[in-house]
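Undergrad: Quick one: the structure is below, questions incoming.
The values are calculated or read from the model by the stated rules, or taken from the named source; none is laboratory data. Computed from a predicted structure; not experimentally measured. Neighbour counts are summed over all protein chains in view; Cβ atoms, including those assigned to glycine, are modelled from backbone coordinates with ideal geometry. Protein only, heavy atoms only, side chains kept; ligands, DNA and RNA dropped before computing areas. Shrake-Rupley method; radii C 1.70, N 1.55, O 1.52, S 1.80 Å.
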Amino acid sequence: MNPPMNRRDFVRHGAVAGVGLGALGFPRLRARRDQVDTVNVAVMGVNSRGLTLAESFAADVGAEVVAVCDVDVRAVEACAASVAELQARAPRAVGDFRRTLDDPDVDALVIAAPDHWHMPAALMALKAGKHVYLEKPCSHNPREGELLVEAQAKYGGLVQMGNQQRSAPESIEVISEIHAGLIGRAYFARAWYANTRGSIGRGRETAVPEWLDYELWQGPAPRAPFRDNVVHYNWHWFWRWGTGEVNNNGTHEIDVCRWALGVDYPVRVTSSGGRFHFDDDWEFYDTQVCTFDFEGDKSITWEGRSCNGRPIEGRGRGASIHGESGTVVMDRNGYVVYDNDNVEVKRRARARAEATLDTRGAGPLTDLHIANFLAAVRGEEALSAPIHDARTSQLLCHVANIAQEAGETIALEGGRLAGASDRAASLWGREYEPGWELVL
């Protein structure tokens, strides 16, 4: 007789055994924490979105947050206090997340740090034998996405990207119906995001605040002096650390469109736009329109307006899927189906609305996506957004930025550049601070 597995072995074994087990009918959530094998997580980057994730993991009966990590002393202390109110044991407050990777009681690392940290931290976690819940974007550039898929295959841990609409019951339902012919052959999809972000102004070089470990915050990125308009959040708009609005928010709806049309890599990508609304330090684009053309006569567009929030279809963000016999308009809170005479034929809305434009994104879809991740780690379900598929959607967003920055149409073959300029090719990867290069 084989000896019984301990908790750690069970969690590791379950991740391998659990692929495709959702059909066996395991419950996603149990009524009591002691009725499930608890998945212990450490959360990295807890100032904003990471605080939401930490609270959601702590509130789930199948998880315990054993550590919260941040280079901002204020953020890590506030998050630890919040999590302590949601579970029986207070988490450790840790400045350097790497201290948690050697802890055998940590089963998974949850990553919500700035974009330039996403793939390097995920790689470290996978090497340490951890599973990974990784906020979008899953990479800072296309090459990191390729390496992340290779790393997951090599080390075997599960990696779920945080495109939480993949776990929305309403979205799952209507996408399945689209694939079954709800609107005939679906051939065009439109994604959008509209917000009213303000100017980030002109930053000044200043002393590093006493509450911030700026050296660790920079991590794998080439060093730069501290400026007073970068930390927190505004790093999104700088190439050194961020990936722009199309990766920050376009990822979600572009992923939904790709899901609905049943396509993978585009053959051609174009982008137009610029930083039009304000004259400040913002390096990416506040206005961007991208087109992704696929084989089989299918196409996706994304319209991003960071600073002009007039909604489309009454929604600040969303997607419309167009087919031969109708259209589906959908977002995180449900969907509406129209026939070709613009007559509504079906509608479904969530009972509890999801936040769509704030920076924390708290809501039921995050809870569902986390529950799916935990169930997959326990071997009970397949991941809703496994990295090999999620990375494909992320690639579209990266290539849109490459097309915009290089000022050219980008051709792809099998998800790789085909005949691009030297400028476009240089944006496929990045330079790292010496000593921080990625090694699988």
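Undergrad: Quick check: Cα centre of region 91-128 to Cα centre of region 347-426, how many Å?
TA: Here the two parts' Cα centres lie 21 Å apart.
Undergrad: Something else now. Can you give the accessible area of LEU412 in Å² (nearest 10), computed on protein heavy atoms with a 1.4 Å probe?
TA: Estimated to the nearest 10 Å², LEU412 gives 10 Å².
Undergrad: Okay, moving on. Can you work out ³J(HN,Hα) from phi for every residue in region 40-55, in order, using Karplus 6.51 cos²θ - 1.76 cosθ + 1.60 and θ = phi - 60°, giving whole Hz and x for Gly and Pro?
TA: Taking θ as phi minus 60°, the curve returns 8, 10, 10, 10, 10, x, 10, 6, 9, 4, x, 5, 4, 5, 4, 5 Hz for region 40-55.
Undergrad: Right, something else. Would you please give the FRET efficiency between GLU177 and SER48, computed as 1/(1 + (r/R0)^6) with r the Cβ-Cβ distance and R0 = 35 Å, to the nearest 0.05? Numbers along the way, then the final one.
TA: On the way: r = 35 Å, r/R0 = 1.00.
Calculated transfer efficiency: 0.50.
Undergrad: Still on this structure, I have one more. I'd like to check one number: the per residue accessible area of region 39-123, probe 1.4 Å, reported in Å² as a whole number. Walk me through the numbers before you get to the answer.
TA: Values: 2510 Å² over 85 residues.
Counting only protein heavy atoms, the per-residue value for region 39-123 is 30 Å².
Undergrad: How large is ³J(HN,Hα), in whole Hz, for each residue of region 232-247 in order, when computed from phi with the Karplus curve 6.51 cos²θ - 1.76 cosθ + 1.60 and θ = phi - 60°, using x for Gly and Pro?
TA: Couplings: 9, 6, 5, 4, 3, 9, 10, 4, 4, 10, x, 9, x, 5, 5, 8 Hz.
Undergrad: Can you tell me which of CYS69, CYS307, CYS79 moves the most in a GNM of the chain? Springs connect C-alpha atoms under 10 Å apart.
TA: Comparing CYS69, CYS307, CYS79 in the GNM, the peak value goes to CYS307.
Undergrad: Provide the solvent-accessible area of LYS154, counting protein heavy atoms only and rolling a 1.4 Å probe, rounded to the nearest 10 Å².
TA: Using a 1.4 Å probe on the heavy atoms, I get roughly 120 Å².
Undergrad: In straight Cα distance, which lysines are under 30 Å from LYS130, not counting same-chain residues fewer than 8 positions off?
TA: Once the sequence-local lysines are set aside, what remains near LYS130 is LYS154.
Undergrad: Can you give me the C-alpha center-to-center distance between region 285-300 and region 211-265, rounded to a whole angstrom?
TA: 21 Å
Undergrad: Then there is this: What residue among THR301, TYR432, VAL39 has its Cα farthest toward the positive end of the dipole of the chain, where the charges are +1 on Lys, Arg and -1 on Asp, Glu, each on the Cβ?
TA: Of THR301, TYR432, VAL39, it is VAL39.
Undergrad: Lys and Arg at +1, Asp and Glu at -1: add these up for the other residues within a Cβ distance under 10 Å of TYR265 and post the number.
TA: Working: positive: ARG258, ARG416; negative: ASP264, GLU295, GLU413.
Charge balance in the 10 Å sphere: -1.
Undergrad: So, one more: Where only protein heavy atoms count, and the probe is 1.4 Å, what is the accessible area per residue for region 160-248 in Å²?
TA: 37 Å²
Undergrad: Right, here's the next one. Karplus couplings for region 389-402 from phi (6.51 cos²θ - 1.76 cosθ + 1.60, θ = phi - 60°), rounded to Hz, Gly and Pro as x?
TA: Result, rounded to whole Hz: 8, 4, 4, 5, 4, 5, 4, 4, 5, 4, 5, 4, 5, 5.
Undergrad: For ASP105 paired with VAL345, estimate the spin-label separation in nm (one decimal), with each label point 7 Å from Cα along the Cα-to-Cβ line.
TA: 5.7 nm
Undergrad: Between VAL71, VAL246, VAL231, where does the largest GNM mean-square fluctuation fall for the chain, given springs only between Cα atoms within less than 10 Å?
TA: Comparing VAL71, VAL246, VAL231 in the GNM, the peak value goes to VAL231.
Undergrad: Can you give me the % of accessible surface on region 287-440 that is carbon or sulfur? Probe 1.4 Å, all protein chains present, nothing else counted.
TA: 44 percent
Undergrad: Which lysines does LYS346 reach when only Cα atoms under 28 Å apart count, and residues fewer than 8 places away in its own chain are ignored?
TA: Straight-distance partners of LYS346: LYS298.
Undergrad: At 222 nm, what value in deg cm²/dmol follows for the chain if DSSP H runs of at least 4 each add -39500 (n - 2.57) and the sum is divided by all its residues, to the nearest 500?
TA: On the way: 13 runs with 137 residues, N = 440.
For the chain, the value works out to -9500 deg cm²/dmol.
Undergrad: Subtracting the Cα-Cα distance from 0.36 nm times the residue separation, let me have the gained length for SER272 to ALA382 in nm, one decimal.
TA: Details: separation 110, 0.36 × 110 = 39.60 nm, distance 3.77 nm.
The span from SER272 to ALA382 would gain 35.8 nm if fully extended.
Undergrad: For GLU215 and VAL439, FRET efficiency with R0 = 22 Å and r from the beta-carbon atoms, rounded to 0.05?
TA: On the way: r = 21 Å, r/R0 = 0.95.
So the FRET efficiency works out to roughly 0.60.
Undergrad: Can you work out the FRET efficiency for the pair THR409 and ASP297, with r the C-beta to C-beta distance and R0 = 25 Å, to the nearest 0.05?
TA: Details: r = 18 Å, r/R0 = 0.72.
It comes out at approximately 0.90.
Undergrad: Let a ≥ b ≥ c be the square roots of the eigenvalues of the Cα gyration tensor of region 298-337; is it rounded (a/c under 1.5), or, if not, prolate (a/b larger than b/c) or oblate?
TA: Working: a/c = 2.67, a/b = 1.50, b/c = 1.78.
Cα axes put region 298-337 in the oblate bin.
Undergrad: In angstroms, what radius of gyration and Dmax does the chain have, counting Cα atoms only?
TA: Radius of gyration, then largest Cα-Cα span, for the chain: 21.3, 71 Å.
Undergrad: Using a probe of 1.4 angstrom, how much of the accessible area of region 136-198 is carbon and sulfur, in percent? Intermediate values should be presented prior to the final figure.
TA: Numbers: 1060 of 2010 Å².
About 53 percent, which is the carbon plus sulfur part of the accessible surface.
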